[in-house]
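Read through the structure below, which is laid out as structure tokens, and then see the notes.
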Amino acid sequence: MKRLLIIFLIIIFNCSCNNDSINEELQEMVLEDDNTFEEEEEEEEEITQSINPNPIGNIAGTIETFNKDLIDDNYILINDAGNNFVYLMNKNAEVLHQWNLNGGNLGNDCELLPNGQLLTMTESEDPKIQLGGTGGKIQLLDKFGNIDWSYVYSTENEVLHHDAEMLPNGNIIILTWERRTAEEANSFGYKMDIELFPDGIIEVNPNSNEIEWQWHMWDHTIQDFDNTKGNYGIVSQNPQLIDINYTQLESGDITHANGIAYDPIKDLIYVSVNFYSEVWVIDHSTTVLESSSHSGGNYNIGGDLVYRFGNPSAYKNNVGDRLFNNNHYPNLLADGNFENILIFSNGSDLNQSIVYELKLPTNLILEPNIDNEPEIIWQFTDPDLYAPRVSGAVKLPNDNILITEGDFGLWEVTKDKEVVWKFTGDGFYWRGYSFSKNDPTILDLLQ
């Protein structure tokens, strides 16, 4: 407004008199105001960039190309919990689309569904249980970030965390922590006198917000510490049960599950259990009552473990080699009828991460004193590959493997273990998901 007023005054003076000194003085005022206006524009741009450092078209990080001919030239959905961004980028690290999370802090996972909705885990307001990877709120967002559905499960005694998966029936299974008092822990033979936060799973119907199925680790424990407790037994003879004393941690977060996957053919749920360095397999065909028991369901063992792998020492099995030292993302591969799985072993005790592709047994059998570990189909490591937290791996259309190294960025490697591409940025990367450029969901997203 100030600038327009000065221009108007110049016109008036030019029309009314020939006072050059006045004209020059006003013109200098306009020039000074132009400079001020340009500075204000620059300041506004700087503010915009600070609010949104990854606007569409900008570079999300840096890339290194080692073999362009072998790169899978499709798109990647990035979950950046460090900068609180979820965005789609190409292999030049150009941001093609970014979601508005409505001010929510990423609980960890965000997954793009075939219908174009983004399934997000974000942190609830004032969460009472605060452990690494907490959330409390699950939402479905449209491509603009509008909330299509929101569900909060966050109280003094339970909270959603880390990961969720949509089932074929439209329901959503979600990891939970539940508080158990020190007295309850003692009654179950736990060695330390502290409250615990064991893991569970709930299945929520988004149409009704009803919990239609649930499973709780607490119902399937065993211990050999106190023979006066009801769950006392021989751990090595009961691999279907969970040794409650395998970890003793002051935080009470004794299992720290961090990933969930679903096999629709066998109706099984796979859970990555970080502090046990294992994957647990649970029968989803049970009723709610059966899931808390030791019978019923397709495998007639209720909610006990159908199968487990990664760390035989977690159930005192001396047969079979340990694969994982902490682990993330149990990625079941549909192209093998869910018989193969990719998983990221963080290698926290080794300062070295390993990505495995494993072939699961056709018939899942879990017995004591035998080697229950799956077959290693492929594995990859590198002296530079190490992330003690988060991370994962997905298979690309050209059969390459896209690895998310949480503290670094992403790698693309061939099945011959050749590194062909890397992306790095300043984020904290939960997972990277691959999408074909011709995927109808992506085409609609980018319209």
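The values are calculated or read from the model by the stated rules, or taken from the named source; none is laboratory data. Remember, predicted model here, so these are calculated numbers, not experimental data. Note that we place each Cβ from the backbone using ideal geometry, even for glycine, and neighbour counts take in every protein chain shown.
Points to keep in mind about this one:
- Lone qualifier among L96, L106 - being of a type in the set (A, V, I, L, M, F, W, C), within 29 Å of D126 (Cβ to Cβ) and modelled with pLDDT of 50 or more: L106
- Residue list for region 155-203, restricted to those being crowded, with 22+ Cβ neighbours inside 10 Å and either outside the structural domain of I254 (by TED's automatic domain parsing) or touching a Gly at 6+ places or on another chain (Cβ under 7 Å) (or both): V159, L160, H161, H162, D163, T176, L196, F197
- Selection within region 214-229: residues that are closer than 18 Å to L305 by Cα and over 22 Å from the mean Cα position of the chain (by Cα). The member of this set that is surrounded by the most Cβ atoms within 10 Å (Cβ to Cβ) is H220.
- Residue count, region 390-401 (criterion: crowded, with 24+ Cβ neighbours inside 10 Å and either part of a strand (DSSP E or B) or of a type in the set (F, W, Y) (or both)): 2
- Any hit, region 344-357, residues being modelled with pLDDT under 95, of a type in the set (S, T, Y) and under 29 Å from N298 (Cβ atoms): no
- Residue in region 288-303 that is on the phi > 0 side of the Ramachandran plot and crowded, with 24+ Cβ neighbours inside 10 Å present: no
- Restricting region 230-241 to residues that are surrounded by 16 or more Cβ atoms within 10 Å (Cβ to Cβ) and of a type in the set (A, V, I, L, M), the residue that is farthest from W149 (Cα to Cα) is V235.
- Residues of region 421-441 satisfying the condition of being surrounded by fewer than 20 Cβ atoms within 10 Å (Cβ to Cβ) and in contact with a strand residue (DSSP E or B) (Cβ under 7 Å, 6 or more places away or on another chain): T424, F428, Y433, S434, F435, K437, T441
- Considering region 365-381, and only residues there that are crowded, with 19+ Cβ neighbours inside 10 Å and either outside the structural domain of V306 (by TED's automatic domain parsing) or not acidic (D, E) (or both), the residue that is nearest to Y307 (Cα to Cα) turns out to be L366.
- Among the conditions (1) charged (D, E, K, R); (2) crowded, with 22+ Cβ neighbours inside 10 Å; (3) under 24 Å from M192 (Cα atoms), R308 misses just one, which is (3).
- Among the residues of region 254-305, those identified as in a helix (DSSP H, G or I) and farther than 17 Å from N238 by Cβ are N274, F275, V288, L289, E290, S291.
- Where strands (runs of 3 or more DSSP E) fall entirely within region 121-235, those with at least 2 residues that are in contact (Cβ under 8 Å) with a residue 12 or more places away in the chain and acidic (D, E) are at 158-166, 199-205.
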